[in-house]
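The values are calculated or read from the model by the stated rules, or taken from the named source; none is laboratory data. Please read all numbers here as calculations on a predicted model, not as lab measurements. Positions of Cβ are generated from backbone atoms using ideal geometry, with glycine treated the same way; all protein chains shown enter the neighbour counts.
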Amino acid sequence: MSVTKHLPLQKAIIVPHEAISVFDMFKIGVGPSSSHTLGPWRAAQMFVDSLKKDGTLQQVTALKVLLYGSLAKTGKGHGTDIAVQLGLCGEDPVTFPVDEIVSRISSIANNKKLRLYHSCEIDFNPASDIVFLMKESLPYHPNALTFQAEFNNGDKNTSTYYSVGGGFVEQEGEERLHKTSIQLPFPINNASDLLHWCIKTGFSIYEVVMENENVWRSEEATRSGLLDIYQVMRECIFMGCRHEGILPGGLFVKRRAAELNKKLLSGKEYNDFESWKYAIRSGGNEFKYTLDWVSCFALAVNEQNASFGRVVTAPTNGAAGVIPAVLMYYVIFCNGDSPDAIIQFLLTASEIGSIFKKGATISAAMGGCQAEIGVSSAMAAGALTEAMGGTQKQSLMAAEITMEHHLGLTCDPIAGLVQIPCIERNTMGAIKAITASQLALQSVPDFAKVSLDAVVKTMWETAKDMNQKYKETAEGGLAVNIPLGLSEC
């Protein structure tokens with residue numbers, strides 16, 4: 001797939017805009033939460049990296065981590081304390097072996113020692129040096145954390161970071177540029193801008209996105225990176241469909257994907273992903289059968305996510321199962337099994353997600369679950385529609401339909417865990433995406449009464465009006481109405 005040669009000659013147009021890459025929307029990391037796990041992990045990395053750069057890392061004698069707002073209230077369930085410790089150690093969530101997480105964290109707790117950036121060992125007791133400030137919140141964003149380092153000369157360094165959703169991190173004190181100095185050939189702030197460029201050039205959505213990606217890297221590098229993203233998604237599904245047992249956290253939630261996988265295969269054997277895919281496809285295309293598989297794919301991803309498995313933020317970890325489930329549906333049941341088809345799907349999905357991030361939020365702590373499951377479902381719907389031959393307008397219509405029917409969705413995780421209702425919500429989001437896509441493909445967008453930009457604006461207004469207890473605090477909804485006894489697990 002190469003679109004560069006089709007690019008028409010045009011004068012550079014300087015338009016203030018926020019440049020968001022496909023690899024900003026899709027990040028490889030560790031579950032269970034992009035804003036509560038991946039973001040704090042990255043913030044901790046950023047902090048120790050700053051110490052290393054200014055030459056003070058070896059002088060650190062003590063360190064405290066303060067967690068505010070939503071990070072404090074649901075941080076235990078989302079492993080924020082675990083993520084921070086690994087980040088301070090200089091580990092990378094993309095490559096760190098997930099099966100070593102428990103042993104590493106246990107070692108820190110038992111020895112009360114932490115090795116900053118693999119080099120400087122300090123006394124550190126997670127039980128007292130990571131402080132959960134349940135009743136304090138910083139004004140800029142509910143997901144805030146502060147690192148307080150003391151040095152051997154008596155000086156101190158206090159740095160605050162905000163995990164703003166989807167693994168994006170901002171540091172307090174730095175100029176927060178909502179616009180960027182990077183000038184894209186097709187600057188996009190909203191859906192109207194995207195449609196404008198599609199009409200002007202005749203490009204599909206994914207072609208516009210690829211042209212913009214070429215500013216950051218070669219097309220070959222973008223293609224390779226997207227196939228790596230797909231590889232992680234499919235491995236997550238495949239592993240989740242084979243792992244049985246109870247999810248960690250103390251709720252004793254039973255994994256369901258593996259059992260459903262066995263039931264649907266009805267004894268068919270497989271040795272690897274390719275033979276598994278063939279076994280699924282051989283079962284036919286009957287509606288109930290495909291519906292069950294879409295649910296199975298989504299369950300598999302989010303059960304892995306809840307178990308500190310490796311996932312792709314899409315655009316968040318809590319909603320990580322929607323896009324892989326719809327993409328796998330496209331690959332297996334809709335002739336989408338080719339590198340070009342997969343790359344095009346992901347490019348289109350990412351642009352729709354970036355429109356929501358620019359115009360509203362992808363953080364449940366800011367907007368409830370409409371910002372996570374709702375956005376991921378809209379991304380999947382738009383991508384599937386274009387992949388199935390829909391027009392650019394139909395693709396945007398599918399995204400609009402999806403979010404219109406996620407407006408007001410609350411984030412009310414029981415015990416602050418990404419298990420109930422989060423895992424099942426991913427199955428619902430995937431099915432809604434497919435339904436919206438089908439509806440858009442059978443519709444004439446010119447007659448639609450609601451635009452994607454209108455629904456993004458409405459989503460943001462709804463988010464601001466939503467009661468705080470429904471924004472990933474575990475203080476409302478199902479989180480307080482399901483009396484489940486918890487124990488350490």
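Of the residues Ile188, Ile237, Ile182, which is on the phi < 0 side of the Ramachandran plot and in contact with a Leu (Cβ under 9 Å, 6 or more places away or on another chain)? Outline the logic, then answer.
Details: Ile237 fails: in contact with a Leu (Cβ under 9 Å, 6 or more places away or on another chain); Ile182 fails: in contact with a Leu (Cβ under 9 Å, 6 or more places away or on another chain).
Among Ile188, Ile237, Ile182, only Ile188 is on the phi < 0 side of the Ramachandran plot and in contact with a Leu (Cβ under 9 Å, 6 or more places away or on another chain).
Scanning segment 52-70 for residues that are surrounded by fewer than 24 Cβ atoms within 10 Å (Cβ to Cβ) and assigned to a helix (DSSP H, G or I) yields Lys52, Lys53, Leu57, Gln58, Gln59. Segment 89-181 holds strands (runs of 3 or more DSSP E) entirely within its bounds, and those carrying 3 or more residues that are of a type outside the set (S, T, N, Q), out of contact with any helix residue (DSSP H, G or I) (no Cβ under 7 Å at 6 or more places or on another chain) and assigned by TED's automatic domain parsing to the domain that holds Gly77 map to 120-123, 156-165. Do we have Gly29 as buried (at least 21 other Cβ atoms within 10 Å of the Cβ), assigned to a strand (DSSP E or B) and either in the same structural domain as Ser350 (by TED's automatic domain parsing) or in contact with a helix residue (DSSP H, G or I) (Cβ under 6 Å, 6 or more places away or on another chain) (or both) here? So Gly29 fits the description; yes. The residues in segment 278-294 that are out of contact with any Lys or Arg (no Cβ under 9 Å at 6 or more places or on another chain) and buried (at least 17 other Cβ atoms within 10 Å of the Cβ) can be counted, and the count is 3.
Look through Gly416, Gly429, Gly477, Gly408 and report the one residue that is under 30 Å from Glu207 (Cβ atoms) and not hydrophobic (A, V, I, L, M, F, W, C). Result of the check over Gly416, Gly429, Gly477, Gly408: Gly429.
Are any residues in segment 189-205 of a type in the set (S, T, N, Q) and part of a helix (DSSP H, G or I), and if so, which ones? Break it down stepwise before answering.
Kept after step one, since they are of a type in the set (S, T, N, Q), are these residues of segment 189-205: 189-190, 192, 201, 204.
Hits for segment 189-205 are Ser192, Thr201.
Yes or no, residue by residue, for (1) more than 18 Å from Thr361 (Cβ to Cβ); (2) within 17 Å of the chain's Cα centre (by Cα); (3) not assigned by TED's automatic domain parsing to the domain that holds Phe287:
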{"residue": "Gly389", "(1), (2), (3)": "yes, no, no"}
{"residue": "Gln392", "(1), (2), (3)": "yes, no, no"}
{"residue": "Met397", "(1), (2), (3)": "yes, no, no"}
{"residue": "Glu400", "(1), (2), (3)": "no, no, no"}
{"residue": "Gly408", "(1), (2), (3)": "no, no, no"}
{"residue": "Leu417", "(1), (2), (3)": "yes, yes, no"}
{"residue": "Met428", "(1), (2), (3)": "yes, yes, no"}
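What residue, among those in segment 318-371 that are modelled with pLDDT under 95 and among the polar types (S, T, N, Q), is surrounded by the most Cβ atoms within 10 Å (Cβ to Cβ)? Here the residue is Ser363.
May I ask you to list the residues in segment 430-444 that are within 23 Å of the chain's Cα centre (by Cα) and either among the charged types (D, E, K, R) or buried (at least 18 other Cβ atoms within 10 Å of the Cβ) (or both)?
So in segment 430-444, the residues within 23 Å of the chain's Cα centre (by Cα) come out as 430-437.
Residues satisfying the conditions are Ala430, Ile431, Lys432, Ala433, Ile434, Ala436, Ser437.
Quick one: how many residues across segment 53-88 are under 27 Å from Pro413 (Cβ atoms) and not basic (Lys, Arg)? Counting residues in segment 53-88 that are under 27 Å from Pro413 (Cβ atoms) and not basic (Lys, Arg) gives 22. With the checklist (1) surrounded by 23 or more Cβ atoms within 10 Å (Cβ to Cβ); (2) more than 30 Å from Gly389 (Cβ to Cβ); (3) of a type outside the set (S, T, N, Q) in hand, flag the one item Ile188 doesn't pass. Here Ile188 clears every test but (2).
Scanning segment 445-463 for residues that are under 23 Å from the mean Cα position of the chain (by Cα) and touching a residue at least 60 places away in the same chain (Cβ under 8 Å) yields Leu452, Asp453, Val456, Lys457, Met459, Trp460, Thr462, Ala463. Could you figure out which of (1) small (Gly, Ala, Ser); (2) closer than 15 Å to Ala364 by Cα; (3) surrounded by fewer than 18 Cβ atoms within 10 Å (Cβ to Cβ) isn't true of Gly477? Failed condition: (3).
Right, Arg104: at pLDDT 95 or above, out of contact with any His (no Cβ under 6 Å at 6 or more places or on another chain), farther than 18 Å from Val60 by Cβ and of a type in the set (Lys, Arg) or not?
Details: at pLDDT 95 or above: yes; out of contact with any His (no Cβ under 6 Å at 6 or more places or on another chain): yes; farther than 18 Å from Val60 by Cβ: yes; of a type in the set (Lys, Arg): yes.
For Arg104, the condition - at pLDDT 95 or above, out of contact with any His (no Cβ under 6 Å at 6 or more places or on another chain), farther than 18 Å from Val60 by Cβ and of a type in the set (Lys, Arg) - is met.
Does any residue in segment 188-204 that is within 13 Å of Glu351 (Cβ to Cβ) and assigned by TED's automatic domain parsing to the domain that holds Met403 come within less than 6 Å, Cβ to Cβ, of a residue that is surrounded by fewer than 21 Cβ atoms within 10 Å (Cβ to Cβ) and among the hydrophobic types (A, V, I, L, M, F, W, C) six or more places away or on a different chain, and which pairs are these? Close Cβ pairs satisfying both conditions: none exist.
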